[in-house]
Amino acid sequence: MVDHKRTCKQVLLLAYQSFGIVFGDLCISPLYVYKSTFSGRLRDYQTEDTVFGVFSLIFWTLTLLSLFKHVIILLNADDNGEGGLFALYALLCRNSKVSLLPNQQAADEEISTYHDPDHSSRNAHSSRFKAFIERNRKAKTGLLVFVLLGISLDFSVGVFRPAISVLSSIDGLQVKLENMHSGMVVFLACLVLIGHFVLQYRGTYKVAFMFAPIVILWLLTIAIVGVCNIVKWNPRVYWALSPHYIYKFFREKGRDGWMSLTGVLLCITGTEAIFQDLGQFSAASIRLAFCCVVYPCLVLQYMGQAAYLSKNISATSISFYASIPDPLFWPVLIMATLAAIVASQAIISATFSIVKQCYALGCFPRVKVVHKSRWVRGQVYIPEINWVHMVLSLAITVGFRDTNHLANAYGIAFMSLTFVTTWLTSLVIDFVWHQSFVFTLLFALFFGSIEIIYLSSSCTKILRGGWVTLLITAAFLVVMFVWHYGNKKRYLYDQHNKVSMKTILTLGPSLGIVRIPGIGLIYTELVNGVPATFTHFLTNLPAFYQVVVFVCAKTVHVPYIPTKERYLIGRIGPKSYRMYRCIIRSGYKDVHNHDDDFENDLVTSLAEFIQLEAEGFGNVNGPVDGWLAVVRTSEKFGKRMAVSESNSIEGISSSSSPPFNANSSKSATLQRLHSMYEEESLDVKYRRRAQFKLLETKQNKDMHVKEELLELLEAKCAGVSYVIGHSRIKAKWNAPFLKRFVINVAYSFLRKNSRAPAVVLNIPHICLIEVGMNYHV
């Protein structure tokens, strides 16, 4: 009983918070739906039946596409509680062999969040369509392009939404201030947009508590206004709830009625946030908020506007503000502006999250991702995207200067995105839920046919603003696909040119070079084998560190990976080589703070691996590069070596040996340079230091194990260096012209204008070694 009450309170709290993030844009739509619908030839039909027909279309569109499709069905297609296009694609990749990520491993399938027990595909019957896509590489590529198209459309929606929301809310000034020039409205909208984007870096955690009350107050206000208009102007408007009025509408208006659907579809703009923002809440809380508050309030508002217009058909261009009683006009105008800002904030934050997911899956150039611990979990800020977003929003606001033209472009982007979501959900129903082909086809045809009708109507407005949507979407899609294509070619080159284990074994424990104190971390995208970067380095400088760790940071098709399962540790070659592999796995929504002490975590994980190996897990003396261990899931993890914070220079000690001097292996010059760097660098000065101490355990008493552990800790104290490839990629001279253009021009341009890998990985500049490599792909 107590647990039930606690669960109910949690659902109610999440439902309350969802108003400020999920439903902002959906609730602001009444500002411009009727205005846009009657902006075309439909304004020539000034009858009550026309208004009733439009309201009936709005009601059933909101009911079918928002309530039934998104709230009832789509919220079930979550990926470990996460929603959005990438969640759908990740579900497809995990439950079928359609992934194009190159460095996936069988060990990834053992992650606790990888398989959904409710929809396990291990013993499920595979459909013919699924088998076709799995066998056909072009089909896999087509699926990825389809997903990237949806992401590009989502970005376009994010560009138009702040502009149309803010501009339509401030438009109300012209109702009371009739002499106010439209240019002043645009100017005020631009000021609001600029201020909103400039403040993004500060985060919204300080004012986020105000978002939900603003939207709730807005919804209740427009619902009350709607009821007043129904009672005052036309109580018979509820007749329009019958779909019969839709039939009459198209029978009488024909092609003009079909073209007006461009405005009607705006009543569901913002619906995609119901599924996209699922990860911050729960399906139960979103359903509760939508069904009990959002849906009835919106229906009452649209019904009230229809009642008003049925008696004042000439006021269609200002229907929302004209229908507001005079005493409530200014309070409603202020609330509309605040609600528009809340709606804009939600889509801006969602855009940052989408770009971060694209980057994590190798489909977007390297950007700076900022996350602060005091922000909401998963909330990020990307400076480059913020400024591009601001410039585009300002450009279309100034360029269009009118909500009708903005609505044309916005409608195409939104309905195309909805169509992509429908077909991806159909694949999830087939591949993941393992429903019958008939059920899958019915879902796709029913909702897809409705969306095709709306989309075809929107396409008639391409020359009236819709072309801007196509331009932004195409540009974003080209950037993502070029980056993905270039990365894939680079990975295949690395895979083809990696060094064989036979070559490594012939070099002996010293690798034919001088081994100096310290740890060398070699970053690579390969999850097996030795990258050519390592041998290229040794060819030019035949010396390296006594401990070598090949580090691969990769993304897995799950939203989050538990901290204990992030590190995969293995050995390369015999023990005497002191060569290890560390694979760091992240989910596509994982955000890691730069405050995390990677070096100490790595040393602790390596030490645990050495002791697990001594206990008999894996092949102790095997020379091959194979066995990997998830060391942090061990019950003894962290219990066999003490780690304590220290304000002094890092050191090590053993319970049976005196502490090791951290600077003993460095020359006087290096010690002096290191001290100077510590004094000048705030990052190092305030960096958390750790002192390691071996505890007396059964495995630590083994002389070989103890020797290897002490050597590891000694190397850690001597210093850690990061080796990363600095590649120059060119297409082969005999490659097709299109490939040479993509690699030599487009991909090279993106690489030169994106963040350096060392910056993204937060590698200290003083510890960085870059190895030049030429790639001919």
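List of remarks:
- Farthest toward positive dipole pole in the chain [+1 Lys/Arg, -1 Asp/Glu at C-beta], among L12, P162, V514: V514
- Hydrodynamic radius (Kirkwood) for region 43-164, which is based on Cα pairs only, to one decimal in Å: 18.0
- Dipole magnitude for the chain: computed about the Cα centre from +1 point charges on Lys and Arg Cβ and -1 point charges on Asp and Glu Cβ, it is near 1260 debye.
- Within the accessible area of the chain (1.4 Å probe), percent carbon and sulfur: 61
- Highest average packing first - 81-87, 531-537, Cβ atoms within 10 Å: 81-87, 531-537
- Rounded FRET efficiency, nearest 0.05, which uses the C-beta distance separating F741 from I452 and R0 of 30 Å: 0.30
- Sequence ranges 294-303, 398-407, ranked by mean other-Cβ count within 10 angstrom, highest first: 294-303, 398-407
- On Cα atoms only, tilt of 383-400 relative to the major axis of the chain in degrees: 20
- F209 accessible area, 1.4 Å probe, all protein chains in place, Å² to nearest 10: 140
- Other-chain or far-sequence residues with amide H under 5 Å of Y775's (modelled H): R728, I729, K730
- Ellipticity estimate at 222 nm from DSSP helix runs (n ≥ 4, -39,500 (n - 2.57)) divided over the chain, nearest 500: -16500 deg cm²/dmol
- Per residue value of the accessible surface for region 511-615 (all protein chains in place, 1.4 Å probe), Å²: 28
- Ranking by accessible area, most exposed first, for D494, D116 with a 1.4 Å probe: D116, D494
- Alpha-carbon centroid distance for the pair region 177-249 / region 315-340, whole angstrom: 8
- Cα-Cα pairs of region 524-587 separated by more than 17 Å (percent): 48
- Nearest-10 value in Å² for the accessible area of M773, using the 1.4 Å probe: 20
- Between region 519-546 and region 736-755, the C-alpha centres lie 26 angstrom from each other.
- Accessible area of E770 in the full protein assembly, 1.4 Å probe (Å², nearest 10): 100
- Radius ratio Rg over Rh of region 197-326, counting only Cα atoms, Kirkwood formula for Rh: 1.03
- Using only the C-alpha atoms, the convex hull of the chain corresponds to 194 Å³ per residue.
- Residue-wise HN-Hα coupling along region 279-291, computed from phi with Karplus coefficients 6.51, -1.76, 1.60 (Hz; x: Gly, Pro): x, 7, 10, 8, 4, 5, 5, 5, 4, 4, 5, 6, 6
- Placing L217, L62 in order of accessible area, with the largest value first and a 1.4 Å probe, yields L217, L62.
- Accessible surface comparison of C8, C93, probe 1.4 Å, protein chains only, largest first: the order is C8, C93.
- P(r) histogram, all alpha-carbon pairs of region 215-271 included - 10 Å bins from 0, percent: 18, 33, 40, 9
- Under-5 Å amide H pairs with V551, H placed in peptide plane, nonlocal only: I522, Y523, T524, C582
The values are calculated or read from the model by the stated rules, or taken from the named source; none is laboratory data. All figures in this text were calculated on a predicted structure; none of them were measured in a lab. Cβ atoms come from the backbone with ideal geometry, glycine included; neighbour counts cover every protein chain shown. Ligands, DNA and RNA are stripped out before the accessible areas are found, and what is left, the full protein with its side chains, is counted by its heavy atoms. Shrake-Rupley method; radii C 1.70, N 1.55, O 1.52, S 1.80 Å.
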